[in-house]
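Novice: Once you've had a glance at the structure underneath, I'll fire off some questions.
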Amino acid sequence: MLQILNEEGEVVNEKAMPDLSDDELKELMRRMVYTRIWDQRALSLNRQGRLGFYAPVAGQEASMLASEFAMEDEDWLLPSYRDIPQLVFHGLPLTKAFLYSRGHFMGGQIPEGVNALMPQIIIAAQCTQCAGIALGLKKRGKKNVAFTYFGDGATSQGDFYEGLNFAGAYQAPAVFISQNNRFAISVPVEKQTASKTLAQKSVAAGIRGIQVDGMDPLAVYAATKEARENAVNGEGPTLIETLTYRYGPHTTAGDDPTRYRTEELDNEWEKKDPLIRFRKFLENKGLWSKEEEEKTVEQAKDDIKAALKEADNTPKQKVTDLIKIMSETLPYNLQEQLEEYTEKESK
């Protein structure tokens, strides 16, 4: 397992240290703190009935944001439903993230110039999509990479193996990031596979595989940066397994993690909190302070308030809106439904 920072924020692998400037280190920390506040607020909004489906991310900030930090703007991002933070930092407006959670069709409309697909609900389907986009980039001679994220549970799906095999066979510029938070929804990773690691599943596809401390932002960034460089240089795809942990439930749709996780295990992983670890590292370098943290927290709260207001002011979704965007030319059955609902909505 690749690790650069231990739980006390001390460098234990100097050779693997990535080449990040002081400003870049501070920006990565800012994004992690920002996301933790956003996550807390999203859970509160969900309980208030002001937000719909939401998959908590607390604990996985290093895995998510440090890997996205290694991406270029022109790279393609294929997220799962939990990977909204990466999508926002790759260019999706925060308002659209809230609309997506509410099930509004405008939340799935990716702005022009943002190279991403909307979050994938079908488990591991983004793996085959990623292989396809990566092959397209290769055939067009682009020096860019397709990145996709999925959980440990997705590695038991057929699309996972098909995506890796396809990308490996064509040496497509793809990076597959499996965020192993140990339980998928509720099944321990040890019960869903006999593999000692998820990273070693890369061997069958003939591609690189690496296991990383997913609570260590520097290790995650270093591994992802190297995987990207290999892909751009024509050396094929990489499977990255980040060992991480989600502190909350799988989603807000009724999951109760106390039924399958022990308090002892929760406490063990809380000691590995990526924010605490990275904060100690930056404070020791004189790069982070209480004032910096408070400023970031207030910025996150202000942004969330503004984005939520914009989402609230977005016109309510209608059935006719959905029908109109399903096809460029509506087939007869949808045309009939459009006429039916247009009449209903006019009353």
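Novice: Determine, yes or no, whether E264 is farther than 30 Å from M1 by Cα and acidic (D, E).
Specialist: Criteria not met by E264.
Novice: Is it the case that segment 227-239 has a residue that's in a strand (DSSP E or B) and buried (at least 17 other Cβ atoms within 10 Å of the Cβ)?
Specialist: yes
Novice: Can you say whether M29 is in contact with a helix residue (DSSP H, G or I) (Cβ under 7 Å, 6 or more places away or on another chain), under 22 Å from R208 (Cβ atoms) and in contact (Cβ under 8 Å) with a residue 60 or more places away in the chain, as far as the supplied structure shows?
Specialist: Criteria not met by M29.
Novice: Look at P274 and say whether it is modelled with pLDDT of 95 or more and more than 29 Å from L45 (Cα to Cα).
Specialist: Against the criterion (modelled with pLDDT of 95 or more and more than 29 Å from L45 (Cα to Cα)), P274 does not qualify.
Novice: What about N165, is it among the polar types (S, T, N, Q), touching a helix residue (DSSP H, G or I) at 6+ places or on another chain (Cβ under 7 Å) and at pLDDT 95 or above?
Specialist: Yes, satisfied.
Novice: Just to verify a result, which residue in segment 57-95, among those that are part of a helix (DSSP H, G or I) and more than 13 Å from the chain's Cα centre (by Cα), is surrounded by the most Cβ atoms within 10 Å (Cβ to Cβ)?
Specialist: T95
Novice: Take the conditions in contact with a helix residue (DSSP H, G or I) (Cβ under 7 Å, 6 or more places away or on another chain) and either surrounded by fewer than 22 Cβ atoms within 10 Å (Cβ to Cβ) or not hydrophobic (A, V, I, L, M, F, W, C) (or both) and apply them to Y54. Does it pass?
Specialist: yes
Novice: For D321, work out the one condition from (1) part of a helix (DSSP H, G or I); (2) in the same structural domain as G108 (by TED's automatic domain parsing) it doesn't fulfil.
Specialist: In the conditions (1) part of a helix (DSSP H, G or I); (2) in the same structural domain as G108 (by TED's automatic domain parsing), D321 misses (2) alone.
Novice: So which residues in segment 254-264 are surrounded by 12 or more Cβ atoms within 10 Å (Cβ to Cβ) and either part of a helix (DSSP H, G or I) or in contact with an Asp or Glu (Cβ under 7 Å, 6 or more places away or on another chain) (or both)?
Specialist: P257
Novice: Something else: Does L287 fit the bill of being in the same structural domain as Y247 (by TED's automatic domain parsing), farther than 14 Å from I37 by Cβ, in contact with a Leu (Cβ under 7 Å, 6 or more places away or on another chain) and of a type outside the set (F, W, Y)?
Specialist: The answer is yes for L287.
Novice: Could you list, in sequence order, all residues of segment 96-117 that are in contact with a Phe, Trp or Tyr (Cβ under 9 Å, 6 or more places away or on another chain) and assigned to a loop (DSSP other than H, G, I, E, B)?
Specialist: Hits for segment 96-117 are R102, G103, H104, N115, L117.
Novice: Can you confirm whether A146 is over 19 Å from G234 (Cα atoms) and either out of contact with any Ser or Thr (no Cβ under 6 Å at 6 or more places or on another chain) or small (G, A, S) (or both)?
Specialist: In short, no.
Novice: Same structure again: Tell me which residues, restricted to segment 265-314, are surrounded by fewer than 17 Cβ atoms within 10 Å (Cβ to Cβ), part of a helix (DSSP H, G or I) and small (G, A, S).
Specialist: A306
The values are calculated or read from the model by the stated rules, or taken from the named source; none is laboratory data. The shown structure was predicted, so the numbers you read here are calculated from the model rather than taken from an experiment. Positions of Cβ are generated from backbone atoms using ideal geometry, with glycine treated the same way; all protein chains shown enter the neighbour counts.
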